[in-house]
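Colleague: Right, I'll just put the structure down here and ask away after.
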Amino acid sequence: MIGMISSLLAQADWSSPPIDWHAIAPELILVIGINVVLLIDLNLAESKKWMIATLTGIVMLLAFIPVVTLGLELDGVPRELFDGRYVIDEYALVLKALFLLVGYVVVLMSQNALEDGGYYQGEFYVLMLCSILGMVMMASSRDLISIFVALELLSIPGYMMAAWKKRSSVSNEAGVKYYLMGVFASGIMLFGMSYLYGATGTTALTGEEGLGALLTDGSLSGLEVIGIVFVLAGFAFKISAVPFHSWAPDTYEGAPTPVTAFFSVASKAAGFTALMTLVFLAFPNASDVYGPMLWVLAALTMTVGNVLALRQTNIVRMLAYSSISQGGFILMPLAYAGDVDAGGSALNAVVVYLLVYAFMNLGAFAVVIAVSRKTQSGEISSFGGLFNYAPGLAVAMTVFMASLAGIPPLGGWFAKFNAFKAVLDADTTSAYVLACIAAVNTVISAAYYFRVLRTVWVDDVPDGNTAPINPPSPIIAALGITVIGTIAVGVYPRLVAGFGNLSDLAGTVPLLG
Amino acid sequence: MIAAIEPSWYLIVASLLFAIGAFGLLVRNNPLVMFMCIELMLNAANLTFVALATSLGDINGQTAVFFVLVVAAAEVVVGLGILVSILRRRPGATADDLAELKG
């Protein structure tokens, strides 16, 4: 057998491609970590399962180290692996850091929720690490197939995590809805990819023979147009853009709250990562196709998300619609990615928005988890009089809601400002119309964010129970990280503004040079 | 004399399969049938990949199919797992029964 393989190898004159081990160190650490966590979990007594959460956190922090060292070593020159199909550049590193950080905060948030509920812990963290691995791979993928594999690697564990409360029919329903919609989206996307492959003969995004060079406005065939539209529609499901959003509120409400936080931040950011990679590298010259499509998606997403959020009485459901509408704001600059003036600032705006959105939305969910441990309710009215008995949580909630609404000097304001700036840089009539729609939506969204704040500060405590809340220390740590992040970005925007200045990704796009 | 099979015939079959899968997913309400519809959609993409790889004389499309097959298998395992846990609680549940969450 071995002789046969080696003779086959000799025949094909095959040698393994050179591998830059440092460049893929974050992925390798995650892979090793997944196996270690799984093995340790097998041999751990039930009473010691809490250690798995700590271990998972350590794995994420360890994977963070090579991200930092790579960032210091990179110096503007991207490191390419596997024929340029897996690239580590500043853009990829910023997003990898974001995914690992979000993963760490979600571990902090889920620890007590899983323990209190008596749910399986070891398997949960293994699945979460798998999902994070998929996201980290997504940031570097520069090939249709590796984008597909990364997307599935991050989604499939998510289907199981949504249905994690096995005995709750609501959680099962959340899981099955997420699963059916997610796989439907993968099917559409894959069909689009097969057409793109057939029309161009390649699956690579960049390079002279890549999709980016071959797909140009004016010479697009029917197959190519269908391919682009289907691929983008597939990712529109992932980021729950209207009209592909129907799964999101149900899944968010039914899934365990830390998982909801994970979906609404990490999965969504991964979907946007793929969209950015595709729009800037694979379709930069096909803006006649994706421009109008993303314009309509962005306008619909922010408007419908906002209008439906107005009438929600459940806080998680309200945050679900709020995250749909925030997705519209993140999508908005991408519609002008192909514009000579707006392209650079569009990339900047999306990356900055994703970073800020991660902090403020995770924070809001952390407050919800902390409060509902006491009130056992998801209704907005259960937050009544929160300031009277948990002033710390009330202030934190104020920070997150105000930031989501876009009030200076918080992070959300800077993110929204950047998004508007990118759209206005395009300087066309359609851009001004989109900016006006977004401005109206900012005002609408303030209504439901401030309704929560009024409940927190003004209303009476609904059941008169004013025993103080003592959140467990992991949740306090999560709150600390997210509050500091939200405020720091708003007060000192240059902290992240440089991250968005991703010359090397933009540099590969001739149009944006 | 039998006419040679053109690559375009495969594409037509594949797009029909895809349309049947997508349509079935939207109109049927038995979760198991919905799973099968999803498989049809994924395999339509596979057929397109293989047909186009053959007509292009390029191996990349055929390797893509292997990835898709593995991913589809993983998806089915997870999907059936979730479905079994639902049907254990509520035998004979249809997609319409899964409507506790709305608004």
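The values are calculated or read from the model by the stated rules, or taken from the named source; none is laboratory data. It should be emphasised that the depicted structure is a prediction, and the values quoted were computed from it without experimental measurement. All Cβ positions, glycine included, derive from the backbone under ideal geometry; neighbour counts span all protein chains shown. Side chains included, ligands, DNA and RNA excluded: accessible areas come from the protein's heavy atoms. Shrake-Rupley method; radii C 1.70, N 1.55, O 1.52, S 1.80 Å.
Colleague: Just report the Cα centroid separation between the stretch A:69-112 and the stretch B:1-77, whole Å.
Modeller: Taking the Cα centre of the stretch B:1-77 as reference, the centre of the stretch A:69-112 is 34 Å away.
Colleague: Got the relative contact order for chain B handy, in percent, Cα pairs under 8 Å and 6 or more residues apart?
Modeller: Relative contact order, chain B: 26 percent.
Colleague: When the Karplus curve 6.51 cos²θ - 1.76 cosθ + 1.60 is applied with θ = phi - 60°, which whole-Hz ³J(HN,Hα) does each residue of the stretch B:81-89 get, with x for Gly and Pro?
Modeller: In residue order, the calculated couplings are x, 5, 5, 4, 5, 6, 5, 5, 6 Hz.
Colleague: Still on this structure: Any idea which of A:Phe365, A:Leu205, A:Pro468 is furthest toward the positive side of the dipole for the protein assembly as shown, if Lys and Arg beta-carbons carry +1 and Asp and Glu beta-carbons -1?
Modeller: Sorting the options by dipole projection puts first A:Pro468.
Colleague: Rounded to the nearest 500 deg cm²/dmol, what is the calculated helix-only ellipticity per residue at 222 nm for chain A, with -39500 (n - 2.57) per DSSP H run of length n ≥ 4?
Modeller: Helix contribution divided over all residues of chain A: -23500 deg cm²/dmol.
Colleague: Using Cα pairs closer than 8 Å and at least 6 residues apart in sequence, work out the relative contact order for chain A, in percent.
Modeller: Reported as a whole number, the value is 14 percent.
Colleague: Dimensions of the stretch A:256-307 along principal axes (Cα, Å, largest first)?
Modeller: 41, 27, 8
Colleague: Between the stretch A:321-341 and the stretch A:151-178, how far is it from one alpha carbon centroid to the other, in angstrom?
Modeller: After rounding, the separation between the Cα centres reads 27 Å.
Colleague: Exposed loop chymotrypsin sites (Phe, Trp or Tyr not before Pro) only (DSSP loop, at most 12 other Cβ atoms within 10 Å): please give the longest stretch of chain A free of them, not including the sites.
Modeller: Excluding the exposed sites themselves, the longest stretch runs over A:22-513.
Colleague: Still on this structure, please answer the following. Could you work out what % of the accessible surface of the protein assembly as shown is carbon and sulfur, using a 1.4 angstrom probe and leaving DNA, RNA and ligands out of the count?
Modeller: Details: 15680 of 23370 Å².
For the protein assembly as shown, the apolar C and S fraction of the accessible surface comes to 67 percent.
Colleague: List the residues of the stretch B:61-81 that lose 40 Å² or more of accessible area once all protein chains are present, compared with their chain alone (1.4 Å probe, heavy atoms only, no ligands or nucleic acids).
Modeller: B:Phe67, B:Val71, B:Glu75, B:Val78
Colleague: Further question on the same structure: From the phi of every residue in the stretch B:17-29, what ³J(HN,Hα) in whole Hz does the Karplus formula 6.51 cos²θ - 1.76 cosθ + 1.60 yield, where θ is phi - 60° and glycine or proline is x?
Modeller: Running phi through 6.51 cos²θ - 1.76 cosθ + 1.60 with θ = phi - 60° gives 4, 4, 5, 4, x, 5, 5, x, 4, 7, 9, 7, 10 Hz.
Colleague: Per residue, how much accessible area does the stretch A:20-504 show when a 1.4 Å probe rolls over the protein heavy atoms, in square angstrom?
Modeller: Normalised by residue count, the accessible surface of the stretch A:20-504 is 32 Å².
Colleague: I'd like the residues of the stretch B:32-55 whose 1.4 Å-probe accessible area shrinks by no less than 30 Å² going from the isolated chain to the full set of protein chains.
Modeller: Relative to the lone chain, where solvent access is computed with a 1.4 Å probe, the stretch B:32-55 loses at least 30 Å² at B:Phe35, B:Ile38, B:Met41, B:Leu42, B:Ala45, B:Thr48, B:Phe49, B:Leu52.
Colleague: Let me ask something else. Using a probe radius of 1.4 Å on heavy atoms only, what accessible surface per residue do you get for chain B? Whole Å² is fine. Walk me through the numbers before you get to the answer.
Modeller: Numbers: 5760 Å² over 103 residues.
Spelled out: the 1.4 Å probe surface of chain B, per residue, equals 56 Å².
Colleague: I need two numbers for the protein assembly as shown: Rg to one decimal and Dmax as a whole number, Cα atoms only, in Å.
Modeller: Reported Rg and Dmax, both Å: 23.8, 88.
Colleague: Quick test of the membrane-span-like rule: which DSSP H helices of chain A reach at least 20 Å along their long axis (C-alpha atoms) with mean Kyte hydropathy at least 1.0?
Modeller: In chain A, the long hydrophobic H runs are A:25-42, A:50-74, A:90-117, A:122-140, A:144-162, A:222-238, A:287-310, A:315-331, A:343-375, A:391-405, A:429-457, A:473-491.
Colleague: Leaving out ligands, DNA and RNA, calculate the buried accessible area for the pair A and B with a 1.4 Å probe, summed over both sides, in Å² to the nearest 100. Intermediate results must be reported in sequence, preceding the final value.
Modeller: Details: alone 19420 and 7610 Å², together 23370 Å².
Buried surface at the A/B interface: approximately 3700 Å².
Colleague: Give the longest segment of chain A that steers clear of GluC sites (Glu not before Pro) in DSSP loops with at most 14 neighbouring Cβ atoms within 10 Å, not counting the sites themselves.
Modeller: It runs A:210-513.
Colleague: Oh, and also: Let me check I've understood the local charge: for A:Ala438, count other residues with C-beta under 12 angstrom from its C-beta, Lys and Arg +1, Asp and Glu -1. What total comes out? Don't skip to the answer; put the middle values down first.
Modeller: On the way: positive: A:Lys416, A:Lys421; negative: none.
Once positives and negatives cancel, what remains is +2.
Colleague: Partner chain Cβ atoms within 10 Å, averaged over the residues of A:120-133 - can you pull that number for me?
Modeller: 0
Colleague: Residue by residue through B:11-20, how many Cβ atoms from other chains fall within 10 Å of the Cβ on average?
Modeller: Counting Cβ atoms of other protein chains within 10 Å of each residue's Cβ and averaging gives 2.
Colleague: Helix-only estimate, please: 222 nm mean residue ellipticity of chain B, summing -39500 (n - 2.57) across DSSP H runs of length 4 or more and dividing by its residues, to the nearest 500.
Modeller: Calculated at 222 nm, the ellipticity per residue is -26500 deg cm²/dmol.
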